[in-house]
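Comments concern the structure below.
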Amino acid sequence: MERKRTLSVVNVAFIALIAITALMSAVNFMWLTEIVRRSVRTARLARELVEGYRRLQYGTGEALQEPEAVAARHATLAAKSDELATLVGSTARHSTRAMACVGVSSAGTLVVGAALMVLVARRIGRPLKLLVEATDRLAHGDLAHRVPYQSRDEMGILADALNRMAGRLEQTLHKLAEHKQAVAKVVERATTDMRTMSLTDEKTGLPNFRALTEAFDRAAADAGATGQGLSLVGVTVEHLDSFNRSYGYEAGDLVVAALARTLRAAAGDDEFVARCHGVRFAVLMPGRVCAPTKLIRQVEAAFASIRKMVRYHTHRDVEIAIRYGCAHYPADGASLYELLDAADREAAASIQPAGPEATQAAAVVRAEEAQ
């Protein structure tokens, strides 16, 4: 609904001042006109008296030769003298009144002008000060500030418009802040997902070599600070290339995935299982300095069952085996690469033979999925 504008008090005061000034000027003009009229009449009477007394003194005119005419002329001149005196007195009184009226009108105009100045200062100066202050605070980001001025005049309409503008800006910034938070959450989630993807092996779901490196750095720092041991077990699948040539790389990937599930199930809660690359896996064992015989036995048992199932489904033997090696930090190496090399050297002398049940893991995995 559109706001109806009303005539402001300042405008009314200006109109009142103009009206009062015009009224005072009209009254003063009337008094001055009356004074001028009386002054003209006084001057005329004075000139007639002067002319009459001059004629009486010099005896001009035939009618003045007689005493009765002289007495009549004296009487006339005396009456005009009285009238002149009365007119002069009246003119003086009118002049005094006119001066008083002019003084009163001037004083009234000054008073009204001063009152108008005060009114203007209150009705315009104060709102302008509030508007300037509000504009400055809004410019410095204080969008919650509002102009504390409510009126139906033009200043009030301007203050209301400024308040509504600040409210819309505040709502817009609030929505932008919410959108920024939502975008930040999406970015954080995407960053977390990307980091997870960058630390996870795609085919097995195990942590990759990069994640193993970070986990080793943390475990090595803890081992150095607490004095507890740290072991690394390397697990490698041998002869997988010949298996891939016989059954395809997809079947080889299924073998690797099966081994990854076996290692993850056999490892403890505090042990870290990762795929280094290709057919090479590693298990970090914080706090361990002994050989991981339990882990090895569980993996060998699971792999033996896989070989039996592969032989059952394919009726063929494939040269495939698993070898293990264990290294201890920092006796066998101070870095991850040194420990992996030490584990490989230990495993080189203890290759697990394939036996008659050479694993054909592709058929095993497919059979397990079919069941």
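The values are calculated or read from the model by the stated rules, or taken from the named source; none is laboratory data. None of these values were measured; they are calculated from a predicted model. Cβ atoms come from the backbone with ideal geometry, glycine included; neighbour counts cover every protein chain shown.
Within the group ASP222, ASP153, which residue is more than 22 Å from THR262 (Cα to Cα), out of contact with any Phe, Trp or Tyr (no Cβ under 9 Å at 6 or more places or on another chain), in the same structural domain as ALA331 (by TED's automatic domain parsing) and touching a residue at least 60 places away in the same chain (Cβ under 8 Å)?
Numbers: ASP153 fails: in the same structural domain as ALA331 (by TED's automatic domain parsing).
Result: ASP222 is the single residue among ASP222, ASP153 that is more than 22 Å from THR262 (Cα to Cα), out of contact with any Phe, Trp or Tyr (no Cβ under 9 Å at 6 or more places or on another chain), in the same structural domain as ALA331 (by TED's automatic domain parsing) and touching a residue at least 60 places away in the same chain (Cβ under 8 Å).
Test VAL102 against the stated conditions and say whether it is part of a helix (DSSP H, G or I) and under 27 Å from the mean Cα position of the chain (by Cα). Walk me through it before giving the result.
Values: part of a helix (DSSP H, G or I): yes; under 27 Å from the mean Cα position of the chain (by Cα): no.
Answer is no for this residue.
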First in region 227-255 and farther than 24 Å from TYR337 by Cβ and in contact (Cβ under 8 Å) with a residue 60 or more places away in the chain, second anywhere and of a type in the set (Ser, Thr, Tyr) and surrounded by 23 or more Cβ atoms within 10 Å (Cβ to Cβ), Cβ under 7 Å, 6 or more apart: VAL255/THR359
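Would you check if THR262 is in the same structural domain as GLY325 (by TED's automatic domain parsing), under 50 Å from the mean Cα position of the chain (by Cα) and among the polar types (S, T, N, Q)? Give the derivation first.
Values: in the same structural domain as GLY325 (by TED's automatic domain parsing): yes; under 50 Å from the mean Cα position of the chain (by Cα): no; among the polar types (S, T, N, Q): yes.
No, not satisfied.
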Residues (at pLDDT below 75 and surrounded by 20 or more Cβ atoms within 10 Å (Cβ to Cβ)) located in region 289-306: PRO292, ILE306
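Could you please give the count of residues in region 182-213 that are part of a loop (DSSP other than H, G, I, E, B) and surrounded by 10 or more Cβ atoms within 10 Å (Cβ to Cβ)? Give the derivation first.
At the first step, the residues of region 182-213 found to be part of a loop (DSSP other than H, G, I, E, B) are 199, 201-206, 208.
Remaining after also requiring surrounded by 10 or more Cβ atoms within 10 Å (Cβ to Cβ): 199, 201, 203-206, 208.
Residues that pass the stated criteria total 7.
Within region 113-126, can one find any residue that is within 30 Å of GLU48 (Cα to Cα), surrounded by 13 or more Cβ atoms within 10 Å (Cβ to Cβ) and assigned by TED's automatic domain parsing to the domain that holds ALA16?
Restricting attention to region 113-126, the residues satisfying the condition of being within 30 Å of GLU48 (Cα to Cα) are none.
No, there is no match, as no residue in region 113-126 is within 30 Å of GLU48 (Cα to Cα), surrounded by 13 or more Cβ atoms within 10 Å (Cβ to Cβ) and assigned by TED's automatic domain parsing to the domain that holds ALA16.
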Quick one: in region 277-288, which of the residues that are of a type in the set (A, V, I, L, M, F, W, C) and more than 17 Å from ALA219 (Cα to Cα) is surrounded by the most Cβ atoms within 10 Å (Cβ to Cβ)? PHE281
Check off (1) charged (D, E, K, R); (2) modelled with pLDDT of 75 or more; (3) surrounded by fewer than 15 Cβ atoms within 10 Å (Cβ to Cβ) for GLU34 and give me the number that stays unchecked. (3)
Within region 269-287, take every residue that is more than 17 Å from TYR324 (Cα to Cα) and touching a residue at least 12 places away in the same chain (Cβ under 8 Å) and give me the one that is nearest to the chain's Cα centre (by Cα). ASP270
Looking at (1) in contact with a strand residue (DSSP E or B) (Cβ under 7 Å, 6 or more places away or on another chain); (2) surrounded by fewer than 21 Cβ atoms within 10 Å (Cβ to Cβ); (3) at pLDDT below 85; (4) closer than 19 Å to GLY252 by Cβ, which is the only condition GLU368 fails? (1)
